[in-house]
Amino acid sequence: MSVSAAAIPRYYSSLDFQALWREYVPAPDFFETTWRLSRDELRAIQNERFLRQMTRAWQVPFYKRYWALHGLQPGDIRSLDDLPSIPPFSVHDLREGSNENPPWMDYIGIDPDADDPMPLVLQTSGGTTGLPRPMIFTPRDREVMNIITGRRLYMQGVRPFDLVQVVLSMGLTNGGVLAREGIWKYTGAVPVMTGSGAQTPTRRQIEILKAWKAKFLVGFPAYVRHMGLVARDELGIDPRALGVKGLIVHLGSESRSSLEALWGADVYDTYGCNECGTMAADCQHKSGMHIFEDAFVLEVNDPDTMRPKNPGEKGVAVITTLFKHAAPMIRYNMNDITALTAGECSCGSKHSRISGIYGRSDNMVKLKGVNVFPEAIGAVISEDSRTTGEYICLLDRDTQGRDELTVQVEAAHPMTSASQLQDTLRIRLKEALGVTVKVQAVQRGEVARFTGLTETSKIKRLIDRRASSPQS
Ligand SMILES: [Zn+2]
């Protein structure tokens, strides 16, 4: 394409913002409008947006190929009620796609040789092996995600002029960059982008927090806990005295109460992904994460049969976006284990909730027939104040071909009795998991080389060493 042939697209004229805000209402108006809708009214909005999303998805090469392979025809889907007949896919299917011209992957559906230019954003998955998985966002995709970030933070107490310190990696991965955009554009608060520990050393993060009085921290719970412990034990600063009101984290199985006690602040859970941004978040009542249902349909299904689970029953999260032009996600199996929350939230909203993310189904380890999630181990460890809450699970195979799990856990103080700590944790983990694992107490800071705690937002909790074990 020659330079003269195409006008340069300008971001602020690439969208009708007024129309967008009527459709995806930003905070605070959202809480007087969409948030108050009945289930039927929400379903009607979802149905209409879903059919438009399907029209778009049929233009995307990945779906054309994947759906044809499964015998799906455009006429098969007439309403949201037909959603269960669409074949789900997972990240493995995205990776296996025909991707001759990266980063213009076949699931994105944008062709730089044929399409009109538009201002695009590229971010990636946190991919730890090989090249990261690219995701491209159009202005509208990105604005809807920003509006939802704004709603979430407003719901969790963020107000104009508040400083919000974001301790997520800033770079290729979406989390930190997306938080900045949403805070800046849709909350009136001021993002302070200190990034991960690799970008701003932890001590400096705390000095900045103390001096500028950030009211909220956005990050992964393990790093937020690490910051609290560095403040308390290395800098002699009581985190509770820093005036932080809220910790906005992907809580997973981490202990909410111990993080709240460490910081003297409310912990709000959030569920999101690189492809879609925030999908669900705690309201002030912290009784399950409300799904932003004007933008997403979130199913909780049996991982094998894909049949829906009842509220309270665990299954995998399967997500369908209702707004994306680039890389629409139609029944994307996230492999995250969650459950729909039964009953209604005290806040009065009819938006459905999920009770939390219990682990990733592809991180699951089978020990003597029992399914074990490394994340559940973390929940037990972080409740024991003799530890830093930091741990790594090492999976090995013994000479008889049996899998065994060793949990290395950091003792908070050099004076801690390793054998006592190991004994207690072994018993507690047996109670919590239903199977015995080995526990090894190590010195503070020792597992960071496995987990990447101070280097990245993508913290590892499981190392599979079976390939190098005695018999494999
Ligand atoms: Zn609520």
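The values are calculated or read from the model by the stated rules, or taken from the named source; none is laboratory data. Bear in mind that the values here come from a model prediction, so they are computed numbers and not experimental data. Cβ: placed from backbone, ideal geometry, glycine included. Neighbour counts: every protein chain shown.
Considering only the stretch 334-364, how many residues are away from the ligand (no atom under 16 Å from the Cβ) and either surrounded by fewer than 20 Cβ atoms within 10 Å (Cβ to Cβ) or not β-branched (Val, Ile, Thr) (or both)?
Initial filter on the stretch 334-364 (away from the ligand (no atom under 16 Å from the Cβ)): 334-339, 357-364.
Going one step further and asking which of them are either surrounded by fewer than 20 Cβ atoms within 10 Å (Cβ to Cβ) or not β-branched (Val, Ile, Thr) (or both), we end up with 334-336, 339, 358-364.
The total comes to 11.
Taking Arg386 as the residue in question, decide whether it is within 16 Å of the ligand (Cβ to nearest atom) and either farther than 30 Å from Glu275 by Cβ or touching a residue at least 24 places away in the same chain (Cβ under 8 Å) (or both). Please lay out each step first, then the result.
On the way: within 16 Å of the ligand (Cβ to nearest atom): no; either farther than 30 Å from Glu275 by Cβ or touching a residue at least 24 places away in the same chain (Cβ under 8 Å) (or both): yes.
Considered against the rule, which asks whether it is within 16 Å of the ligand (Cβ to nearest atom) and either farther than 30 Å from Glu275 by Cβ or touching a residue at least 24 places away in the same chain (Cβ under 8 Å) (or both), Arg386 comes out as no.
Does Pro132 satisfy the criteria of being surrounded by 16 or more Cβ atoms within 10 Å (Cβ to Cβ) and out of contact with any Phe, Trp or Tyr (no Cβ under 8 Å at 6 or more places or on another chain)?
So Pro132 fits the description; yes.
Is it the case that Arg465 is within 23 Å of Arg225 (Cβ to Cβ), touching a strand residue (DSSP E or B) at 6+ places or on another chain (Cβ under 7 Å) and touching a residue at least 40 places away in the same chain (Cβ under 8 Å)? Full working, then the answer.
On the way: within 23 Å of Arg225 (Cβ to Cβ): no; touching a strand residue (DSSP E or B) at 6+ places or on another chain (Cβ under 7 Å): yes; touching a residue at least 40 places away in the same chain (Cβ under 8 Å): yes.
No: the conditions fail for Arg465.
Scan the stretch 257-278 residue by residue and report those that are within 16 Å of the ligand (Cβ to nearest atom) and surrounded by fewer than 23 Cβ atoms within 10 Å (Cβ to Cβ).
Of all residues in the stretch 257-278, those within 16 Å of the ligand (Cβ to nearest atom) come to 266-271, 278.
Passing the criteria: Asp266, Thr270.
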Lone qualifier among Asp106, Asp111 - being free of Cβ contacts under 8 Å to residues at least 24 places away in the same chain, on the phi < 0 side of the Ramachandran plot and either under 20 Å from the mean Cα position of the chain (by Cα) or assigned to a loop (DSSP other than H, G, I, E, B) (or both): Asp111
Positions within the stretch 129-168 being within 26 Å of Lys286 (Cα to Cα) and polar (S, T, N, Q), in sequence order: Asn146, Thr149, Gln156, Gln165
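Of the residues in the stretch 360-375, how many are assigned to a helix (DSSP H, G or I) and at pLDDT 85 or above? So that I can check it myself, show each step before the final result.
Step one: of the stretch 360-375, the residues assigned to a helix (DSSP H, G or I) are 361-363, 374-375.
Then keep just the ones that are at pLDDT 85 or above; that gives 374.
Count: 1.
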Could you say whether any residue in the stretch 223-231 is surrounded by fewer than 20 Cβ atoms within 10 Å (Cβ to Cβ) and not in a helix (DSSP H, G or I)? no
Determine which single condition Leu247 fails, assuming it passes every other condition in (1) in contact with a Gly (Cβ under 7 Å, 6 or more places away or on another chain); (2) without any contact (Cβ under 8 Å) to a residue 60 or more places away in the chain; (3) under 30 Å from Ser352 (Cβ atoms); (4) not β-branched (Val, Ile, Thr). (1)
Just one of (1) within 16 Å of the ligand (Cβ to nearest atom); (2) under 19 Å from Thr34 (Cβ atoms); (3) surrounded by fewer than 23 Cβ atoms within 10 Å (Cβ to Cβ) trips up Ala281, so point out which. (3)
Those residues of the stretch 379-401 which are more than 16 Å from Glu446 (Cα to Cα) and in a helix (DSSP H, G or I), in sequence order: Ala379, Val380
On the basis of being out of contact with any Asp or Glu (no Cβ under 7 Å at 6 or more places or on another chain), buried (at least 17 other Cβ atoms within 10 Å of the Cβ) and of a type in the set (Ser, Thr, Tyr), does Thr456 make the cut? yes
Output the residues belonging to the stretch 432-454 that are within 28 Å of the chain's Cα centre (by Cα) and among the charged types (D, E, K, R). Arg444, Glu446, Arg449
Ile381: away from the ligand (no atom under 16 Å from the Cβ), buried (at least 21 other Cβ atoms within 10 Å of the Cβ) and touching a residue at least 40 places away in the same chain (Cβ under 8 Å), yes or no? yes
List pairs: first residue in the stretch 343-360 and over 28 Å from Val372 (Cβ atoms) and in contact (Cβ under 8 Å) with a residue 24 or more places away in the chain, second residue of a type in the set (Ser, Thr, Tyr) and near the ligand (Cβ under 7 Å from one of its atoms) anywhere in the structure, Cβ distance under 8 angstrom, at least six positions apart or on different chains. Cys345/Ser287; Ser346/Ser287
Total residues in the stretch 389-420, condition touching a strand residue (DSSP E or B) at 6+ places or on another chain (Cβ under 9 Å) and under 30 Å from Ala467 (Cα atoms): 22
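Give the number of residues within the stretch 355-403 that are touching a Cys at 6+ places or on another chain (Cβ under 7 Å) and either of a type in the set (D, E, K, R) or under 18 Å from Pro303 (Cβ atoms) (or both). First the steps, then the outcome.
Initial filter on the stretch 355-403 (touching a Cys at 6+ places or on another chain (Cβ under 7 Å)): 374, 377.
Retained after the next criterion (residues that are either of a type in the set (D, E, K, R) or under 18 Å from Pro303 (Cβ atoms) (or both)): 374.
Within the stretch 355-403, residues that are touching a Cys at 6+ places or on another chain (Cβ under 7 Å) and either of a type in the set (D, E, K, R) or under 18 Å from Pro303 (Cβ atoms) (or both) number 1.
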Could you check how many residues of the stretch 422-472 are at pLDDT 90 or above, assigned to a loop (DSSP other than H, G, I, E, B), over 13 Å from Glu410 (Cα atoms) and of a type in the set (S, T, N, Q)? 1
The conditions are (1) surrounded by 15 or more Cβ atoms within 10 Å (Cβ to Cβ); (2) under 30 Å from Gln199 (Cβ atoms), and Val435 fails exactly one of them. Which is it? (2)
Sort out which residues of the stretch 311-324 are away from the ligand (no atom under 16 Å from the Cβ) and either surrounded by fewer than 20 Cβ atoms within 10 Å (Cβ to Cβ) or more than 30 Å from Lys64 (Cβ to Cβ) (or both), and write them in order of number. Gly312, Glu313, Lys314
